[in-house]
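Notes to accompany the following structure.
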Amino acid sequence: MKPAQFSYHAPKTVDEAIAVLAEVAPQDGRILAGGQSLVPTMAFRLARPTHLVDINGIDALRRLEVDGDELCIGACVRHEAFRRPVVAGPLGELLATVVRYIAHYPIRTRGTFCGSIAHADPASEWCTVAAALGATMVAKSVRGTRSIPAREFFAGIMTTALDDDELLSEVRLPLLAPDTRFGFYEFSRRAGDFAIAMAVSCYRTSEGKIVAPRVAVGGAEPKARRIAAAEQALVGAVPGPDSFAAAAAAAAADVDPMEDAMTSADYRRDLVGTVTRRALERSLS
Ligand SMILES: Cc1cc2nc3c(=O)[nH]c(=O)nc-3n(C[C@H](O)[C@H](O)[C@H](O)COP(=O)(O)OP(=O)(O)OC[C@H]3O[C@@H](n4cnc5c(N)ncnc54)[C@H](O)[C@@H]3O)c2cc1C
């Protein structure tokens, strides 16, 4: 199938992009970033945007740099940029670990970090990382700029707090302290498939006990989110099999899993326990 007819816009600046978007958003105008989610849905005619605002020619959106205590990821930064650590320390290592699980190499060379966040697939690895670390999403429109914390940004399956006329210009991830331990684990039926469930964990230790734990689960519910019950099970505990099992059980009990023709809710719940435990175990390796 070929996409339905649309008008194509190629702005060269952010101001131009948001001005065009303000005009075309009411007629189902959309941003085109890497096109790795949007174009297939257009080809199947599941999406029929009448206008595409292609942001790939906007140099300012290629920004990938540390600003204060955050890593700023512009809207045109591709997944593949994270294959090697983009910043020294645990954050760079976490991103380099996670990126290998996203789709396949050709998709990673074109798809963007911010496109994944804006698309908000429940099984997006970057959405799960953003939820775990408490990312900030920067949205721009002709009405101004606003910063949206991850806990308010993800609203449900492919639904976010972005308005139709807003460009997600960058995502800001907090740098992780050098002694932060992290782990990531996901389960999918085949390499490159979307995960059925995944977990990101990170924490620090003080006198051998866990402090400031973060545990987020993706793929199991309509949106990736931190699981407070699992984090509470870790606070003050010694990292190891007992505390990890307790956190895993808490995560499994807390989620309200999605169900589909291939995967029952019970199976996904069980999997949430497993991926949470394994993500925590990887924090020790
Ligand atoms: C076979 C296959 C397997 C895949 N597997 C995975 C996987 O395992 N994990 C995973 O996370 N993803 C996977 N993907 C999706 C891939 O990661 C996409 O690159 C990503 O979801 C979207 O990024 P994009 O830049 O391609 O966005 P696009 O496809 O260009 O856009 C997607 C949507 O987001 C909107 N959008 C994009 N950027 C912005 C922005 N800056 N501001 C506002 N709105 C914006 C667009 O308007 C559109 O509605 C897979 C894709 C394919 C085809």
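In the range 26-44, the qualifying residues are those that are among the polar types (S, T, N, Q) and within 9 Å of the ligand (Cβ to nearest atom), and the one that is nearest to residue 4 (Cα to Cα) is 41. Taking the listed residues 36, 5, the one that is out of contact with any Cys (no Cβ under 9 Å at 6 or more places or on another chain), farther than 24 Å from residue 145 by Cα, modelled with pLDDT of 95 or more and surrounded by fewer than 17 Cβ atoms within 10 Å (Cβ to Cβ) is 5, with no other qualifying.
Exactly one residue among 166, 125, 186 is among the charged types (D, E, K, R), in contact with a Leu (Cβ under 9 Å, 6 or more places away or on another chain) and modelled with pLDDT of 95 or more, and that residue is 166. Looking across the range 196-234, the residues that are without any contact (Cβ under 8 Å) to a residue 60 or more places away in the chain and of a type outside the set (A, V, I, L, M, F, W, C) come down to 204, 205, 206, 207, 208, 209, 213, 231, 232. Helices (runs of 4 or more DSSP H) fully within the range 101-195 that include at least 3 residues being more than 20 Å from residue 84 (Cα to Cα), within 10 Å of the ligand (Cβ to nearest atom) and within 14 Å of the chain's Cα centre (by Cα): 113-119. Scanning the range 165-189 for residues that are under 24 Å from residue 32 (Cβ atoms) and touching a Gly at 6+ places or on another chain (Cβ under 8 Å) yields 169, 170.
Within the range 45-100, the residues that satisfy the criterion of being away from the ligand (no atom under 16 Å from the Cβ) and not in a strand (DSSP E or B) are 68, 69, 84, 85, 86, 87, 88, 89, 90, 91, 92, 93. Any chance the range 237-249 includes a residue that's part of a strand (DSSP E or B), at pLDDT 95 or above and in contact with a Lys or Arg (Cβ under 6 Å, 6 or more places away or on another chain)? No, every residue in the range 237-249 fails to be part of a strand (DSSP E or B), at pLDDT 95 or above and in contact with a Lys or Arg (Cβ under 6 Å, 6 or more places away or on another chain). Within the range 65-75, the set of residues being surrounded by 13 or more Cβ atoms within 10 Å (Cβ to Cβ) and out of contact with any strand residue (DSSP E or B) (no Cβ under 6 Å at 6 or more places or on another chain) comprises just one member, 66.
Residue count for the range 149-187 satisfying the condition of being farther than 29 Å from residue 205 by Cα, of a type in the set (A, V, I, L, M, F, W, C) and buried (at least 18 other Cβ atoms within 10 Å of the Cβ): 5. Restricting the first member to the range 235-261 and to residues that are aromatic (Phe, Trp, Tyr), and the second to residues that are part of a helix (DSSP H, G or I), the beta-carbon pairs closer than 6 Å and six or more apart or on different chains are 244/277; 244/280.
Scanning the range 211-232 turns up no residue that is part of a loop (DSSP other than H, G, I, E, B), surrounded by fewer than 22 Cβ atoms within 10 Å (Cβ to Cβ) and at positive phi.
The values are calculated or read from the model by the stated rules, or taken from the named source; none is laboratory data. Remember, predicted model here, so these are calculated numbers, not experimental data. Neighbour counts run over all protein chains shown; Cβ positions are idealised from the backbone, glycine included.
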